[in-house]
Amino acid sequence: MKMPYLFATIVAILLIPIIPGFSRPAEDQLEDFRQEQSKERQERQIEDVKRQEQLEKLKRDQQVQQLQRELDELKQSKDDPKDQQRIGDLQRRVDQLRNEQQLERLQRELQLDRIRREQNAGRQQEQIRDLQRQQQMDLLRDQLRKTEQDLNRRR
């Protein structure tokens, strides 16, 4: 009695993979699982980009605050005509930094929004890498700007 059951089981195991459409639900589930993993990975990368942007924003805010303090100190000692020139220069620099910050923030928000809407996973991954490279370039640009300011202050 056990022999026909064993034979039927072996035949079923051998035939199931070649019956069209029989294993399709498992393949679909596997593909759904892979897509979900990919989506989650991309969301984590987007969150990493956001955190990096927040760190850069904090650094730029500190830079603006430092310039503002310097400007306030100069305004208190406004006796020297050279100080008046420096006050004007610093005020323009503070305003410029604030405008740049706002522009960069809006550009990043637009880029992140575009990345989220992208349907093609490969293209989305490419956009994330582009955004990360852009952030790195902005960070280097900010460091260069800060170094230049430090050098100008020492003159």
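Please report the relative contact order for the chain, taking Cα pairs under 8 Å with a sequence separation of at least 6, and give it as a percent rounded to a whole number. Relative contact order, the chain: 25 percent.
Partner aspartates and glutamates whose Cα lies under 12 Å from the Cα of K57, excluding those fewer than 8 positions away in the same chain, are identified as E100, E104, D138, D142.
I'd like to compare 110-117, 87-94: which one has the highest average count of other Cβ atoms within 10 Å, and what's the full order after that? Mind dumping the intermediate values first?
Numbers: 110-117: 13.4, 87-94: 15.6.
The densest-packed peptide leads the list: 87-94, 110-117.
Each 5 Å bin from 0 upward holds the following percent of the Cα-Cα pairs of the chain: 2, 7, 12, 13, 10, 8, 8, 6, 6, 5, 4, 4, 3, 3, 2, 2, 2, 1, 1, 1, 0, 0, 0.
A short reminder: the numbers here are calculations on the coordinates, not readings from a lab. Worth saying up front: this structure is predicted, and the values here are computed from it rather than measured. Note that we place each Cβ from the backbone using ideal geometry, even for glycine, and neighbour counts take in every protein chain shown.
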